[in-house]
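The values are calculated or read from the model by the stated rules, or taken from the named source; none is laboratory data. These numbers were taken from a predicted model, which means no experiment stands behind them. Cβ atoms come from the backbone with ideal geometry, glycine included; neighbour counts cover every protein chain shown. With ligands, DNA and RNA removed, areas are computed over all heavy atoms of the protein, side chains included. Shrake-Rupley method; radii C 1.70, N 1.55, O 1.52, S 1.80 Å.
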Amino acid sequence: MAVTSLWHIKGNLKDLIDYVENPDKTVPKGTADFFNVFSYVQNPAKTEKGEYVSALNCLKQTALQQMILTKMRYGKDDKYIAWHEYQSFQVGEVSPETAHEIGVKLAREMWGDKYQIVVTTHLDKDHIHNHFAFNSVSFLDGKKYNYSNTERQRLRDTSDALCIEYGLSVISNPHKAPSRPVWLDEKAGKPTRYNVYREDISNAMYCSNNLRLFEKFLVRKGYEVDFSGKHWKVKLPQYKGFTRLDTLNEKWTPEFIEQEIRRTYRSFGSIPATVITIPPQMPRDLYDAYTPFKRTSHIYRLYLYYCYQLGYLPKGTDYKPTSPYLKEAVRKLDEISYQVNYMSARKINTLEELYTDRELTEKALATLCEQREKLKNKIRRALPEDKETLRKDKAELTEKITVLRKELKCNYAIEERSIGIQDTLDMVTANEIRNKELRQQEKQMKKKEGYSR
């Protein structure tokens, strides 16, 4: 079984050429990913000292330079400058030699007729995996590679065909994998969207004695459900796509869920109600920090209100949010805490004060960048004995610029998150209002039924 994925690397050809012609320079920011890929995929520590490194349509020792020459020849100098793909095998299913052989065949079939490619096999993880770094521009006709849906399917089909040829297993029901940050958080047990789904679905099975109540439990929590067909699906309204239950847990087929509901109910008997809890220790001066469906400019108080809803404040509280709209945000507490501290240190309470802080930071950043540019020009003209001192001055300026850029990034992130906080709290409120109305309707229906008897 082999899993594949492909993504592009952006950059600028002029920066690539400048760096190659003067390797003493720092890797240009816009092309760092390009160089990182080539240093990463050919890392001797990962590739058994280069034993599992191959090149197609170029020499592996000069692949980078040859790719740049191809770009220069056709004048394709911007946007996507290279592509990086990996092919990962199931643990213990393939030897390094076979994996590399499959990787070279895959590269040859997919891109070997037009593109310069470096193929490496890495042995530094439990699972053996191939990396492919190839030029975005064809040496044959100068056309750029287009990774369409058709190409994505062709990549998967070609990889599967090679696995079958070598007697390896293939994935029968492939589905989109989460991004790497989400995958790492999943592995660490953090409340990602999918872990939140798993927890709520497990609770729904435990707290229901029939499928109607199982569905009602999830709807009460705020989920949209689709229990038609053989693959049941759920989603929260802030996400575009549904997630299949049997993707979250391969056992969660409709048949298994029905059996589990019957088994659980027989074991436990009483069924606890679905409850959306609220934080018990909200300070009185924060009660009006959030007004449903009404935007506020007092973002610092809104942040503090949100921190109480997430169980981050007060310190030492045991409260945890039960609404799935809030649960996933808990994995972002480090970012939220940093942003709260940023506003506190700068005495930022409103959006207007945030914008003022941003303007001051941008002006200071522009001044430092201008000073550094002047230093660069000075270094070019300076005597050798003066260059060292000037470079130290430049390095100090770069450190200050890095700090300001980080602060500016945080400033913009606060504005964006404040909108997201309002939207999330509005969804929680709307869900509670909707459920309150449904409960009232149910009571009225029961009363009518009672009168009719």
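Return the total of residues in the range 56-69 being among the hydrophobic types (A, V, I, L, M, F, W, C), outside any loop (DSSP other than H, G, I, E, B) and either touching a Leu at 6+ places or on another chain (Cβ under 7 Å) or surrounded by fewer than 21 Cβ atoms within 10 Å (Cβ to Cβ) (or both).
The qualifying residues number 3.
Restricting the first residue to the range 237-255 and requiring it to be under 18 Å from Tyr206 (Cα atoms), which pairs with a second residue that is in a loop (DSSP other than H, G, I, E, B) and open to solvent by less than 50 Å² (accessible area, probe 1.4 Å) meet a Cβ separation below 7 Å and a spacing of at least six or different chains?
Within 7 Å, the pairs are Leu245/Trp232; Leu245/Trp252; Asp246/Trp252; Asp246/Thr253; Pro254/Trp232.
I'd like the residue in the range 346-378 that is in a helix (DSSP H, G or I) and aliphatic (A, V, I, L, M) and, out of all such residues, is surrounded by the most Cβ atoms within 10 Å (Cβ to Cβ).
Step by step, filter the range 346-378, then rank; the result is Leu354.
Quickly run through the range 279-332 and pick out the residues that are hydrophobic (A, V, I, L, M, F, W, C) and without any contact (Cβ under 8 Å) to a residue 24 or more places away in the chain.
Within the range 279-332, Leu286, Ala289, Leu313 meet the criteria.
Please identify the pairs in which a residue from the range 426-448 that is closer than 21 Å to Thr296 by Cα has its Cβ atom under 6 Å from the Cβ atom of a residue that is open to solvent by 100 Å² or more (accessible area, probe 1.4 Å) and of a type in the set (A, V, I, L, M, F, W, C), counting only partners at least 6 apart or on another chain.
Asp426/Phe293
Taking into account only those residues within the range 88-98 that are touching a Leu at 6+ places or on another chain (Cβ under 9 Å) and open to solvent by less than 70 Å² (accessible area, probe 1.4 Å), which is farthest from Ala161 (Cα to Cα)?
Pro96
For every residue, the table says whether it meets (1) at pLDDT 85 or above; (2) surrounded by 20 or more Cβ atoms within 10 Å (Cβ to Cβ); (3) of a type in the set (A, V, I, L, M); (4) assigned to a loop (DSSP other than H, G, I, E, B).
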{"site": "His8", "(1), (2), (3), (4)": "no, no, no, no"}
{"site": "Leu16", "(1), (2), (3), (4)": "no, yes, yes, no"}
{"site": "Thr31", "(1), (2), (3), (4)": "no, yes, no, no"}
{"site": "Gly50", "(1), (2), (3), (4)": "no, no, no, yes"}
{"site": "Asp77", "(1), (2), (3), (4)": "no, no, no, yes"}
{"site": "Ile81", "(1), (2), (3), (4)": "no, yes, yes, no"}
{"site": "Tyr86", "(1), (2), (3), (4)": "no, no, no, no"}
{"site": "His100", "(1), (2), (3), (4)": "yes, yes, no, no"}
{"site": "Glu109", "(1), (2), (3), (4)": "yes, no, no, no"}
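Please pick out the residue among Glu432, Glu407, Glu442 that is part of a helix (DSSP H, G or I), under 25 Å from Thr291 (Cα atoms) and open to solvent by less than 90 Å² (accessible area, probe 1.4 Å).
Testing whether each residue is part of a helix (DSSP H, G or I), under 25 Å from Thr291 (Cα atoms) and open to solvent by less than 90 Å² (accessible area, probe 1.4 Å) leaves just Glu432.
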